[in-house]
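All remarks here apply to the structure that follows.
The values are calculated or read from the model by the stated rules, or taken from the named source; none is laboratory data. On a predicted model such as this, the values are computed, not experimentally measured, just so you know. Positions of Cβ are backbone-derived with ideal geometry, glycine not excepted, and every protein chain shown enters the neighbour counts.
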Amino acid sequence: MTARKKVILDVDTGVDDALAIMLAVTSGELDILGITTVSGNVSLDQATLNTCKILELLGVSGQIPVCRGADKPLVRDSVFEHRVHGSDGIGGALTGMTVTKQPEAERAEDFIIRQVLAQPGEVTLIMTAPLTNLARALHKCPELTEHAAEVIVMGGVVQGFGNITPTAEYNMYVDPEAAKLVLAAGFPRLTLVGLDVTRKALLSADDIARLQNPVIRDYVEKSTADYRKRYWERNGVQACALHDPLAVGVALNRSFVTVRDYYVDVETRSDLCDGQTVCDFQNRLGRPANAGVCLEVDAPAFLECFINSLNSNSFNSLNQ
Ligand code: RIB
Ligand code: CA
């Protein structure tokens, strides 16, 4: 029995962050040391409440600590995304739920530092939100780069258009200063899971119908309904892009993606392109690669992993 991979999830629980948490928990292959929350899709308070709701829904709220992080980007104002994630951030799916789980007193950046330093070389950071918390942690503890096993970032787009401006992906756009700092910090193993691949990881109504646990199926159907509708209006496809779940997927099985090492930087001083991730494909800047950039994805294989995990036996008895 191989030891489960130790991970910390950093989330701005919105619709796809919630699905990422569900995949991480139901996979049974990850030792989730904790979940840190940050302002992004919704406010810090709402992201934290939503995260606690998902853990209670899965029946694991007593096993996974939640630590609150930044309530706004490093230097910019918040840019909430209620148009996509709904007023509560999870498509109104669990409005009636009463939550007993409370976040820890420990701040997100301190939790990240403490866990990584206590288990050097063992902890993978899975970042599915603006990178404010990790930037703050690096500011307090620059040697974090030497002791994190890997940083997997859902963010950016290197060969396509943005999803919040013509050039920028949302997580990078909300806090480009944090993203620039994280990419420049010198993590030896940083994987960028951008829209280039996450746009191909699409969850359809037919996929949702394959979920066997009625509690999980009803939640996924309800929480993604408006998201899928909006995706249709914007992209002509009735589906939910599994942006954040794919970052967890890469932690579970790196063979889902094709990765190439490049130097990547983030624009922070532009009227038009702030938050753009610029990938130096031709090494024109002559700088060493700082990221493993995901260029292709085996979407069917990842979708099977997602559905099979959420259907895993350990959760079939969940609150039925
Ligand atoms: O661009 C997609 C990313 O922005 C996802 O993490 C989504 O949750 C939003 O935060
Ligand atoms: Ca997110």
Original post:
Just for the stretch 13-28: of the residues that are closer than 12 Å to Val220 by Cβ and of a type outside the set (A, V, I, L, M, F, W, C), which one is nearest to ligand 1 (Cβ to nearest atom)?
Top reply: Asp16
Original post:
Any idea which of (1) more than 12 Å from ligand 1 (Cβ to nearest atom); (2) polar (S, T, N, Q); (3) part of a helix (DSSP H, G or I) is the one Ser87 doesn't satisfy?
Top reply: (3)
Original post:
For the stretch 214-257, how many residues are within 16 Å of ligand 1 (Cβ to nearest atom) and either of a type in the set (Lys, Arg) or more than 21 Å from the chain's Cα centre (by Cα) (or both)?
Top reply: 5
**OP:** Return yes or no: is Gly162 in contact (Cβ under 8 Å) with a residue 40 or more places away in the chain, within 30 Å of Pro120 (Cβ to Cβ) and among the small types (Gly, Ala, Ser)?
**Re:** no
Original post:
Do we find a residue being modelled with pLDDT under 95 and assigned to a helix (DSSP H, G or I) anywhere in the stretch 68-83?
Top reply: yes
Original post:
When you scan the stretch 11-31, how many residues do you find that are part of a helix (DSSP H, G or I), of a type in the set (Val, Ile, Thr) and either within 16 Å of ligand 2 (Cβ to nearest atom) or in contact with a Gly (Cβ under 6 Å, 6 or more places away or on another chain) (or both)?
Top reply: 2
Original post:
Counting only residues that are closer than 16 Å to Phe111 by Cα and either in contact (Cβ under 8 Å) with a residue 40 or more places away in the chain or touching a Cys at 6+ places or on another chain (Cβ under 6 Å) (or both), which one in the stretch 31-56 is surrounded by the fewest Cβ atoms within 10 Å (Cβ to Cβ)?
Top reply: Gly34
Original post:
For the stretch 225-257, which residues satisfy the criterion of being of a type in the set (Phe, Trp, Tyr) and touching a Cys at 6+ places or on another chain (Cβ under 8 Å)?
Top reply: Tyr227, Tyr231, Phe256
Original post:
Of the conditions (1) among the hydrophobic types (A, V, I, L, M, F, W, C); (2) assigned to a loop (DSSP other than H, G, I, E, B); (3) within 21 Å of Met22 (Cβ to Cβ), Ala47 fails just one. Which one is it?
Top reply: (2)
**OP:** Tell me which residues, restricted to the stretch 57-77, are in contact (Cβ under 8 Å) with a residue 12 or more places away in the chain, surrounded by fewer than 17 Cβ atoms within 10 Å (Cβ to Cβ) and charged (D, E, K, R).
**Re:** Asp71
Original post:
Among the helices (runs of 4 or more DSSP H) confined wholly to the stretch 90-192, which include 1 or more residues that are at pLDDT 95 or above and among the charged types (D, E, K, R)?
Top reply: 108-118, 132-140, 144-147, 176-184
Original post:
So which pairs qualify, if the first residue must be in the stretch 110-129 and under 18 Å from Ala247 (Cα atoms) and charged (D, E, K, R), the second must be modelled with pLDDT of 95 or more and assigned to a loop (DSSP other than H, G, I, E, B), the Cβ gap must be under 8 Å, and the two must be at least 6 apart or on different chains?
Top reply: Glu122/Ala149
**OP:** Scan Val60, Val15, Val42, Val11 and give me the residue that is within 26 Å of Leu138 (Cβ to Cβ) and in contact with a helix residue (DSSP H, G or I) (Cβ under 6 Å, 6 or more places away or on another chain).
**Re:** Val11
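Quick grid of which residues meet (1) at pLDDT below 95; (2) not aromatic (Phe, Trp, Tyr):
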| site | (1), (2) |
| --- | --- |
| Lys200 | no, yes |
| Ser204 | no, yes |
| Asp207 | no, yes |
| Arg210 | no, yes |
| Ile216 | no, yes |
| Tyr219 | no, no |
| Ala225 | no, yes |
| Ala239 | yes, yes |
| Leu242 | no, yes |
